[in-house]
Amino acid sequence: MPETYFEAINLGKTYKTPSGDAVIVKGFDLKMQKGEFVCVLGHSGCGKSTVLSMVAGLNDISEGSVLLDHKEIEGAGPDRGVVFQSPCLLPWMTTWDNVMLGVEQVYFHATQEERNQIVEYYLNAVGLHGAKDKRPSELSGGMRQRVGLARAFALSPKMLLLDEPFGMLDKLTKFELQQVLIDLWNRERLTAMMITHDVDEAIYLADRVVMMTNGPAARVGEIVKIDFERPRDRRDIMSDPRYLEYREQLISFLEERVYQMDEAA
Amino acid sequence: MNGAVVDTTTAPPEGAVKAKKSKFTYNPNRVAHTLNKLGLGYFSPFARLIGKDEPAKQLREIALNTLLPIVAFAGFVIAWAVLAKAVQTDSVQIPSPHQAWYALTGTAIPAFSHPFPESIEGLEAPYFADNDGMDPKSINGFAQAEKLAEKEYMISQQERVDKFLARSEEAAAEGDTEKAAKYKENSEMFASKTYQGNKTFYDQIWISLLTVAIGFIVATVVAVPIGVLCGISPMFNIAMNPLIQLFKPVSPLAWFPIVFVFTTWGIATPPSDSIWQRALFTSAGVVMLCSLWPTLINTAVGVASVDKDHLNVAKVLKLGWAKRIGKIVLPASLPLIFTGLRLSIGVGWMVLIAADMMAQNQGLGKFVWDMYQNGDTMSTAQIIVAVFVIGAIGFFLDRIMLVCQRLVTFEEQNI
Ligand SMILES: Nc1ncnc2c1ncn2[C@@H]1O[C@H](COP(=O)(O)OP(=O)(O)OP(=O)(O)O)[C@@H](O)[C@H]1O
Ligand SMILES: [Mg+2]
């Protein structure tokens, strides 16, 4: 049994609202091995982003704790690279500078030459070398998200956190970027947690798909293990009989069992 | 299919030559865009017209943007002329447009009767010939007279220098080194002298600009850091707020005596020929105190409303405070800071005239004040010229700030 690298223990989030406490997430437990890719599925508003931002340290934890590499996380830090739905690039900086900003922070002991090489490597990896002097306003949505990916990977984080990174892209661009992501991931095998609304995306990318129950007090509902060996080929797995099985399992949970679990709770 | 065939066979050979030759092409669109960015959008229809980009539309635009204001201005001048005829007492009168023109240039427009008939009474034509034909009481005439006086002064100084040099050489030839050194010293003394004339209107414009620049720069240096602190720390903001609200509406006239105390205390009396007079700093201090507030408030708002996503980037990267401010907070709030700066320079220029009047700084305010003390129609006409000049400079300052503002404004990404 490989050891646990990431662990969310009894994680919970409660907001104080004028009409009393709003319990958004409660008793969220999840263990991940090093180098595992987990996708989180769930209905809109159930609390997926809340969980992810707590793990990222951008949102206070109300209850429970998060362990990463045997240490409890405290606040945000560059050991967890985050990619949001909107890439949040700094509009006054070029592509290069946006990536370099993080690299300078993490590789503060490296020489400028080494840092340049790192930035160069990741911009090449996401296919953006020609756009390194462009500003975000000059880039298309897909290109911006490529910068977002390069920026997160360039930190060499212990864990990668992605919140619907391709949610705003058209289908074709989405496929391209899934490829960029999984190619990069195949090289580095970072432990990754990714939120998505797209069942096919989850099956293509994930080792395990975690499905959350509906809020309030959302938690982990079911977990489906995706057993396709890597590297995966999109067409191969789509013609695999297991593909439909997984799909059926995920969709039926989201359409039926999630409601039964709510009633049981 | 067919079209392509026809194209290749009948393409005129000159066309190919032309395409090769004109590597540099006039791109009206790009020129117009650049003009817009520089705050000179007014000229972009002309640029497009030169490039033959929809000429009819450009002509309409030019007619609208140029003719209409000209017509309005002409209407204003006519109304002014009528008013000038009507508003007259025994002692004062509103100068006519022609009188204002004369007050600036020192020459009458030949088509009209002389605007100041009494001033040329008893004078033989050509009037004021030794001042290049300009009335020395007018703005340009006075400047010209000063220039001529300076020239004369320099010539007479040079004569003295030459005289003493000659004597010095003479003495040296006679072997009297002591005398030679003394004459030499004399010549150097005369060579170092500069003309101490009166300040002309144009000198005063420069002094005003210098004063407002000092006041504005100091105001910026003070306001931006305080504004950043207010934006970052709600506690500091709460602490500062009463002070800001209290001092923001205070008139420059009220600030003057207080600033005066400070400059009298803090600045040693400079030599009289220096431009760094105490009055200049007093005036700049008043400008600074009045123009501080828009920058301060806009900076605070800009810093406080930095996009949360951008701050999250700083959090994830664990940026230190210096980098957080330098790389995230300041760039993100620059557009608002520059909005504040633009307002500030407008306020500064506006209060400058009053500050100059009170402080007796040798700027445009002093000019207006002196002319007001003279009280005659010629002087009032010069004040009118000053009003136009003050307005025009204020407009240019605003344009410059607008361009700066455009340069720092980044296009927000909306994905
Ligand atoms: N500051 C807050 N105060 C109160 N409730 C909040 C606050 N922030 C978020 N919520 C609530 O928390 C719930 C979960 O939000 P969250 O963004 O985590 O959902 P999500 O699963 O990511 O949804 P989506 O799939 O649409 O992104 C929502 O119902 C939201 O209304
Ligand atoms: Mg979300």
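Derived scalar couplings between HN and Hα for region A:20-36 equal x, 6, 9, 8, 8, 10, 8, x, 7, 10, 7, 10, 9, 7, 5, x, 8 Hz in order, rounded to whole Hz, by the Karplus curve 6.51 cos²θ - 1.76 cosθ + 1.60 (θ = phi - 60°), x for Gly and Pro. Here the contact order of region B:76-189, divided by its residue count and restricted to Cα pairs under 8 Å and six or more residues apart, works out to 15 percent. Between B:Tyr202 and B:Trp321, the C-beta separation translates, for a Förster distance of 51 Å, into a calculated FRET efficiency of about 0.60. For the protein assembly as shown, what does the alpha-carbon gyration tensor say about shape, rounded, prolate or oblate, given a ≥ b ≥ c as the root eigenvalues, a/c under 1.5 as rounded, and a/b over b/c as prolate? Here the protein assembly as shown falls in the prolate category. If you run the Gaussian network model on chain B, springs between alpha carbon atoms under 10 Å, then out of B:Gly363, B:Gly39, B:Gly266 the most flexible one is B:Gly266. Phi-derived couplings, Karplus 6.51 cos²θ - 1.76 cosθ + 1.60 at θ = phi - 60°, listed residue by residue for region A:6-17: 10, 8, 9, 10, 6, 5, x, 9, 10, 9, 7, 10 Hz, with x used for Gly and Pro.
Across peptide A:51-62, the mean count of Cβ atoms from other chains lying within 10 Å of each residue's own Cβ comes to 1. Look at the stretch B:138-144: the mean tally of other chain Cβ atoms within 10 Å of its residues' Cβ atoms is 0. The C-alpha atoms of chain A define a longest principal axis, and helix A:141-154 lies at about 90 degrees to it. Under the definition of Cα pairs under 8 Å and six or more residues apart, what whole-number percent is the relative contact order of region B:201-407? Result for region B:201-407 is 29 percent. When the Cα positions of A:Cys88, A:Met168, A:Asn98 are compared along the charge dipole of region A:58-201, A:Asn98 comes out farthest toward the positive end, with charges on each C-beta of Lys, Arg, Asp and Glu.
Between the amide H of A:Ala218 and those of A:Val25, A:Lys26, distances stay under 5 Å, these residues lying 5 or more places away or on another chain, with hydrogens modeled in the peptide plane. With respect to chain B, whose longest principal axis is taken over its alpha-carbon atoms, helix B:177-191 is tilted by about 50°. Working note: Karplus 6.51/-1.76/1.60 with θ = phi - 60° gives region B:153-161 the couplings 4, 5, 5, 5, 5, 4, 4, 4, 4 Hz, where Gly and Pro are set to x.
Computed about the Cα centre, the dipole magnitude for region A:118-265 is approximately 680 debye when only Lys and Arg (+1) and Asp and Glu (-1) carry charge, each at its Cβ. Scanning residues 5 or more positions from A:Met194 or on other chains, those with amide H under 5 Å from its amide H are A:Val38, A:Cys39, A:Val40, A:Leu162, with H placed 1.01 Å from N in the peptide plane.
Between A:Val51, A:Val224, A:Val147, the GNM of chain A built on Cα springs shorter than 10 angstrom shows A:Val224 fluctuating the most. Close amide-amide hydrogen proximity is noted between A:Tyr5 and A:Met32, A:Gln33, A:Lys34, each under 5 Å apart and 5 or more residues distant or on a separate chain (H modeled in the peptide plane; Pro and chain starts excluded). Assign unit charges at the C-beta atoms only (+1 for Lys and Arg, -1 for Asp and Glu), then state the dipole size of chain A relative to its Cα centre in Debye, rounded to the nearest 20. Dipole of chain A, to the nearest 20 debye: 360 debye.
Computed over chain A with a Gaussian network model linking Cα atoms closer than 10 Å, the most mobile of A:Arg80, A:Arg235, A:Arg219 is A:Arg235.
Relative contact order of region B:139-192: 36 percent, from C-alpha pairs under 8 Å at least 6 residues apart in sequence. For region A:17-121, the dipole from Cβ point charges (+1 on Lys and Arg, -1 on Asp and Glu) about the Cα centre works out to 360 debye, to the nearest 20. Here B:Phe256, A:Phe37 are placed in order of increasing Cβ neighbour count within 10 Å, fewest first, which gives B:Phe256, A:Phe37. Which angle between 0 and 90 degrees, to the nearest 10, do you get for helix B:201-232 versus the longest principal axis of chain B when only C-alpha atoms count? Compared with the principal axis, the helix lies near 40 degrees. Projecting the Cα atoms of B:Leu319, B:Leu330, B:Val224 onto the charge dipole of region B:223-379 (Cβ charges, centred on the Cα centre) puts B:Leu319 farthest toward the positive pole. In plain terms, the residue of B:Thr299, A:Thr4 with the fewest other Cβ atoms within 10 Å comes first and the most crowded comes last, giving A:Thr4, B:Thr299.
Ranked for footprinting exposure by Cβ neighbours inside 10 Å, fewest first, A:Lys26, B:Lys147 give B:Lys147, A:Lys26.
Coordinate-derived values only; no laboratory data. Quantities reported herein were computed from a predicted structural model and do not represent experimental measurements. As a convention, Cβ positions derive from the backbone with ideal geometry for all residues, glycine included, and neighbour counts pool all protein chains shown.
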